[in-house]
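Working notes, beginning with the structure itself.
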There are 2 protein chains.
Amino acid sequence: MIPPGVSASDFSQALKRFREAVGDEWVFEGEDADLYRDAYTPLWGEPEEKRASAAVAPDRVEQVQQIVRIANAYRIPLYTISTGRNLAYGGSAPVYSGSVVLDLKRMDRIIEVSERNAYALVEPGVSYFDLYRYIRDRKLKVWIDCPDPGWGSPVGNALDHGAGFTPLPFRDHFDAHCGMEVVLANGEIVRTGMGALPAARTWQQFKYGIGPYVDGLFSQSNLGIVTKMGFWLYPQPEAFRAGTVTVPRHDDIVPLVDILASLMYAGIVNCQLGIASPVFNGPPSAAVDALLSKPAGATAAEWDRYAQSKGLRFWQTELHFYGPERLIDAQWSYVKERFAAIAGAEFQDGASYRFPLTDEQISRVGDRAPLGIPSLGIFAGLLPESGEPPSTGHMDFSPVLPMTGEAVLEAHKVFTRAFREQAIQPNYGIVQSFHWRSFILFYGFPVTHDIETNKKIRATYGRMIRLAADHGWGVYRTHAVFMDAALDTYSYNDHALHRLHETLKDAMDPHGILSAGRYGIWPKHLRGAKS
Amino acid sequence: MIPPGVSASDFSQALKRFREAVGDEWVFEGEDADLYRDAYTPLWGEPEEKRASAAVAPDRVEQVQQIVRIANAYRIPLYTISTGRNLAYGGSAPVYSGSVVLDLKRMDRIIEVSERNAYALVEPGVSYFDLYRYIRDRKLKVWIDCPDPGWGSPVGNALDHGAGFTPLPFRDHFDAHCGMEVVLANGEIVRTGMGALPAARTWQQFKYGIGPYVDGLFSQSNLGIVTKMGFWLYPQPEAFRAGTVTVPRHDDIVPLVDILASLMYAGIVNCQLGIASPVFNGPPSAAVDALLSKPAGATAAEWDRYAQSKGLRFWQTELHFYGPERLIDAQWSYVKERFAAIAGAEFQDGASYRFPLTDEQISRVGDRAPLGIPSLGIFAGLLPESGEPPSTGHMDFSPVLPMTGEAVLEAHKVFTRAFREQAIQPNYGIVQSFHWRSFILFYGFPVTHDIETNKKIRATYGRMIRLAADHGWGVYRTHAVFMDAALDTYSYNDHALHRLHETLKDAMDPHGILSAGRYGIWPKHLRGAKS
């Protein structure tokens, strides 16, 4: 395979020069390049599957600069990955098939961890496991925040607007970053924020620097290659406690969310772990199906009767508190008082810990991400359920909702109906608040290695993106195969924002060598083909 | 006065077309344009003073688009202001003398205030007073955050990275924004974040949207004209209490800041109101001067002896707590326990309030900004002290420091010495934490209407910027006259970040009509002249 539009001799020449830059053993072709396939792609085995033509793995920033310069000379499309674990969103495969994967896994230096000022500066190949072990080995009293699972890259995850499970702002990984080093498409190294000051002493402590704040340009985009990135760490809290709030009735979601929102807006709750419904998110039920099938939807009274008949409480939300024991006890007690305004609200104390934990204590923790401990435990939960076609992975469909109960009810209704119209058994979305002021509603879409099944799944996923947008709920992130479709819904004023992205792309990467197609941004010479 | 490089006939033609666009009465020339002079400029009355050639005040976004298109046709340099109250940083005068001020004061619509989801969407001409009154008149239970003084614009202040006095994140005005509408130099309207979704329902609730997050480009820059901007509001807290921590000795600043920093990094303290020293920030003293004059600096023991002899405690910091009474009492009690690790630490309870306050109660509040109430009270404190030349205003010199006591001591020493070398009586900086992870050290520089005095002040200010940068402390914001000098210190890799700014400028504003020179970004045709 060679990149489209590149001659065989140019490609071979470019690979030769890549080898000279990084060493023979760090340029991959043929079967070795196949290892960059996205195991979770909904295009598995189809001609349109996005494949790497080759891969190149530099060890340091000067080699990244050399690669970029070579790519410019031969017009080689590159596709940057950090650890390549962006599963459910495209993994390590390029968006533009035939690109050469620029694999930054060897750039795995932990440049600094400051316990005193609670930050880290890392390269893109550093994984959550690496950073966690570094900190634990040195007994530093700071926490990282990691997503499920923990083998990904803090840099890569933050740049894709990923999230984790400790308190805000740490769980919003892009928000918790401070300072970047970026190799631009022209091969120049830029440091952002205070990093632009040669003697900088607050590169990881003050985000803005002076002048335009450009960091956001390098997230969910293809405008540069981030080679270093700073993150704020959470000073090890004294204690943790979990608490669950349940409310009995269907319509209780409205005051439940209003109270939750006001607590989050005020910063009193900074870690909310999903709103779920034992009715909707429980095991399949014919009675639930029957209610869902009602043309106008079931009434609240009908839902309440059903829930009561099964002894189910309608909604529940789990809250996590971190800090000095006395403060988190006061918070939980205050929070309970606020939610008690809902008739029938009930409260359950969950796990509680005091830190640090010993290795033995950690081994007994089931869900480690809320304690900033990376694991691969999530994979145990992804085994296919009996009777379904075996899935090989999943894609997340993740629209952003306002923090109101009405929005949650409406979105559930809209998406359930759409799933039924596509003759797909609806799995109910989980409402998460990875951000201070909005919900993300997560639906998992299984993907398989069966072409016909995947076709149906793709059609439904595409339809869902448009349906969500029609209701004002844009997706915050999407699988590589759907980036054009997702960006296409952000179309205000004849796609003015997208056209601005293209203006930036043309100015910053005139030959279009960086990660063509990522988040819908194509270089000029490929735009015609797309539209 | 006509803009440099523009012919008299083109200028007159452009003004004619501006009048057609906005109405005769909203284009200002001659004496009327003089009203845009910066009363606080250190170039007052000198040939280099930055002056407007004219001003144009549109009423709505379509008029802004028209003005931009006319400016492109005739190559008229525009300079955008919101309410024009950016005093100490350039006021309403352009950076590039001869520009036409694009005055957005008439665009003063409060488009939405959501009490339920605690946000506001406003135009640039809305002032803090306007927004406060709107909320108070409707008895909405949300707070704004305002700087001193309150006649400025939430939009303008946030875009200049301004700050206020209620808890973080609200006091960091750019961080508390969510969603923008921007008129680009090509006259196109772009909405950022979720605003790019035509049916958007979370424009003011989810910042990123999808794809590159571009909002930062429009802060401290000249890459677009922000015509709407969303802000997160603080749900009215139940109560407020202030507490002061004092420590006795010079070197106590080190543990004082370490404890404060860890409390802020953990989010337990979210409103710190400056670290000051009764020794340094007090009235002039010959004994203090003598100690400061020691070539190697006075020792800690010498300072301690002096402070003891005067009965002064060396350092103090004021903390503000907002929230349910029970929680803020628990916070203050916990905070006292932590600071009590410093031998001799003492604590004083300050003001406390329960909300809402009546008008009568508000009238008795001295310092209103911490309660989110705008005022002009700050001006009462700016009268010249006897014996000094009458100042007409001031510029802020504001380097960013790491949150360590050592950095505070070192910066004080370095700047004091520099003030003395310039034969200027040092006024001691106040350490503020308007941000989660860094201090800003504020020095007020008086400016006068006396040319000789101003010359000396300018020389010192310029020297201070370079001196700060040499020590790794970049300034976070600066007066229009010093933007080139400030940006020049952010020079990593041969000014790579600044060159990126220029690449963006050329792509987004090819004729260079928007706010030339703002934060050191000049259009191509003016770059030669500058360097």
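The values are calculated or read from the model by the stated rules, or taken from the named source; none is laboratory data. Quantities reported herein were computed from a predicted structural model and do not represent experimental measurements. In this analysis, Cβ positions are derived from the backbone assuming ideal geometry, glycine residues included, and neighbour counts consider all displayed protein chains. The area values use the complete protein model at the heavy-atom level, side chains included, leaving out ligands, DNA and RNA. Shrake-Rupley method; radii C 1.70, N 1.55, O 1.52, S 1.80 Å.
Details
- Among the residues of region B:499-511, the ones that are in a helix (DSSP H, G or I), crowded, with 21+ Cβ neighbours inside 10 Å and more than 7 Å from every other protein chain (Cβ to nearest Cβ) come to 1 in all.
- With respect to the conditions (1) touching a Ser or Thr at 6+ places or on another chain (Cβ under 7 Å); (2) farther than 15 Å from B:Pro212 by Cα; (3) of a type outside the set (D, E, K, R), A:His435 lacks only one, and its number is (1).
- Residue identified as of a type outside the set (A, V, I, L, M) and free of Cβ contacts under 8 Å to residues at least 40 places away in the same chain among A:Asp160, A:Asp137, A:Asp172: A:Asp137
- The sole residue among A:Ser262, A:Ser277 that is at pLDDT below 95, buried (at least 19 other Cβ atoms within 10 Å of the Cβ) and of a type in the set (S, T, N, Q) is A:Ser277.
- Members of region B:460-476 that are surrounded by fewer than 22 Cβ atoms within 10 Å (Cβ to Cβ) and either at the interface with another protein chain (Cβ under 7 Å from one of its Cβ atoms) or in a strand (DSSP E or B) (or both): B:Asp470, B:His471, B:Gly472
- Any hit, region A:377-398, residues being open to solvent by 70 Å² or more (accessible area, probe 1.4 Å) and modelled with pLDDT of 85 or more: no
- Flag if B:Ala496 is under 28 Å from A:Gly224 (Cβ atoms), in contact with a helix residue (DSSP H, G or I) (Cβ under 7 Å, 6 or more places away or on another chain), outside the structural domain of B:Thr80 (by TED's automatic domain parsing) and not in a loop (DSSP other than H, G, I, E, B): no
- Any hit, region B:6-24, residues being touching a Leu at 6+ places or on another chain (Cβ under 9 Å) and either open to solvent by 30 Å² or more (accessible area, probe 1.4 Å) or farther than 30 Å from B:Pro147 by Cα (or both): no
- Only strands (runs of 3 or more DSSP E) whose full extent lies in region A:212-312 are considered here, and the ones with at least 1 residues that are under 30 Å from B:Asp160 (Cβ atoms) are A:225-232.
- Of all residues in region B:27-56 being closer than 22 Å to B:Met107 by Cβ and either open to solvent by 70 Å² or more (accessible area, probe 1.4 Å) or not assigned by TED's automatic domain parsing to the domain that holds B:Gly98 (or both), the one that is nearest to the chain's Cα centre (by Cα): B:Leu35
- Residue match in region A:429-452 (condition: crowded, with 16+ Cβ neighbours inside 10 Å, in contact (Cβ under 8 Å) with a residue 24 or more places away in the chain and over 24 Å from the mean Cα position of the chain (by Cα)): yes
- Filter result for the condition that a residue is modelled with pLDDT of 95 or more, of a type in the set (A, V, I, L, M, F, W, C) and open to solvent by less than 10 Å² (accessible area, probe 1.4 Å), over B:Leu233, B:Leu184: B:Leu233
- Residue list for region B:317-359, filter: part of a strand (DSSP E or B) and away from chain A (no Cβ under 14 Å): B:Thr317, B:Glu318, B:Leu319, B:Glu346, B:Phe347, B:Gln348, B:Asp349, B:Gly350, B:Ala351, B:Ser352, B:Tyr353, B:Arg354
- Flag if A:Asp34 is without any contact (Cβ under 8 Å) to a residue 40 or more places away in the chain and more than 30 Å from B:Ser438 (Cβ to Cβ): yes
- Test: residue in region B:190-201 that is open to solvent by 10 Å² or more (accessible area, probe 1.4 Å), more than 8 Å from chain A (Cβ to nearest Cβ) and in a loop (DSSP other than H, G, I, E, B): no
- Evaluation of B:Asp251 against (1) buried (at least 23 other Cβ atoms within 10 Å of the Cβ); (2) of a type outside the set (A, V, I, L, M, F, W, C); (3) not assigned by TED's automatic domain parsing to the domain that holds B:Pro124 (one fails), failing number: (1)
- Checked against (1) under 20 Å from the mean Cα position of the chain (by Cα); (2) crowded, with 24+ Cβ neighbours inside 10 Å; (3) at the interface with chain A (Cβ under 9 Å from one of its Cβ atoms), B:Ile225 meets all criteria but (3).
- Selection count, region B:391-414, where residues are β-branched (Val, Ile, Thr) and in a helix (DSSP H, G or I): 2
- For region A:277-294, the criterion of being within 30 Å of A:Ile135 (Cα to Cα), among the small types (Gly, Ala, Ser) and touching a strand residue (DSSP E or B) at 6+ places or on another chain (Cβ under 9 Å) is met by no residue.
- For region B:204-222, the criterion of being more than 9 Å from chain A (Cβ to nearest Cβ) and out of contact with any Asp or Glu (no Cβ under 9 Å at 6 or more places or on another chain) is met by none of the residues.
- You will find that of B:Gly156, B:Gly179, the residue that is surrounded by 24 or more Cβ atoms within 10 Å (Cβ to Cβ), part of a helix (DSSP H, G or I) and more than 10 Å from chain A (Cβ to nearest Cβ) is B:Gly156 and no other.
- Here B:Asp148 clears all of (1) under 18 Å from B:Gly84 (Cβ atoms); (2) open to solvent by less than 10 Å² (accessible area, probe 1.4 Å); (3) in contact with a helix residue (DSSP H, G or I) (Cβ under 7 Å, 6 or more places away or on another chain) except the condition numbered (2).
- Scoring A:Gly344 on the criteria (1) closer than 30 Å to A:Leu292 by Cα; (2) of a type outside the set (A, V, I, L, M); (3) open to solvent by 50 Å² or more (accessible area, probe 1.4 Å) leaves a single failure, condition (3).
- Scan of region A:118-132 for residues that are within 21 Å of A:Ala239 (Cα to Cα) and open to solvent by 10 Å² or more (accessible area, probe 1.4 Å), ordered by number: A:Tyr119, A:Tyr132
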